[in-house]
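The values are calculated or read from the model by the stated rules, or taken from the named source; none is laboratory data. The structure displayed is predicted, hence computed values, not measured ones. Here the Cβ is made from the backbone with ideal geometry for all residues, glycine too, and neighbour counts use every protein chain on show. Calculation scope for accessible area: heavy atoms of the full protein, side chains included, ligands and nucleic acids excluded. Shrake-Rupley method; radii C 1.70, N 1.55, O 1.52, S 1.80 Å.
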Amino acid sequence: MNKQTIYFLITLVIAIIWGYFADLKNGEVGWFIGRLLFMSFFVIFVSKLYRFIK
């Protein structure tokens, strides 16, 4: 596995745990899905930006 995949998986796990306690316990499924998408795109963007700068 490359670093980008590992970072993506770690971020996905953090987003799921964070979203569970912040969103799903309150019945806000839309916010949960939005949080997962945002965190995923953010990690991909940052890793591509880091690779571009380096």
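Condition check for VAL43 on (1) free of Cβ contacts under 8 Å to residues at least 24 places away in the same chain; (2) open to solvent by less than 80 Å² (accessible area, probe 1.4 Å): one failure, at (1). Could you go through region 30-49 and let me know if any residue there is among the charged types (D, E, K, R) and touching a Lys or Arg at 6+ places or on another chain (Cβ under 9 Å). Checked against the condition, which is being among the charged types (D, E, K, R) and touching a Lys or Arg at 6+ places or on another chain (Cβ under 9 Å), region 30-49 yields no hits at all.
Among the residues of region 20-37, how many are hydrophobic (A, V, I, L, M, F, W, C) and without any contact (Cβ under 8 Å) to a residue 12 or more places away in the chain? Walk me through it before giving the result.
Here is the first cut: in region 20-37, the ones hydrophobic (A, V, I, L, M, F, W, C) are 21-22, 24, 29, 31-33, 36-37.
Then drop every residue that is not without any contact (Cβ under 8 Å) to a residue 12 or more places away in the chain, which leaves 21, 24, 29, 33, 37.
Looking only at that region, the number is 5.
Listed by first and then second residue, the pairs linking a residue in region 2-19 that is modelled with pLDDT under 90 to a residue that is open to solvent by 70 Å² or more (accessible area, probe 1.4 Å) and part of a helix (DSSP H, G or I), with Cβ atoms under 8 Å apart and 6 or more places separating them unless they lie on different chains, are THR11/PHE42. Residue count for region 15-40, restricted to those that are surrounded by fewer than 13 Cβ atoms within 10 Å (Cβ to Cβ) and not small (Gly, Ala, Ser): 9.
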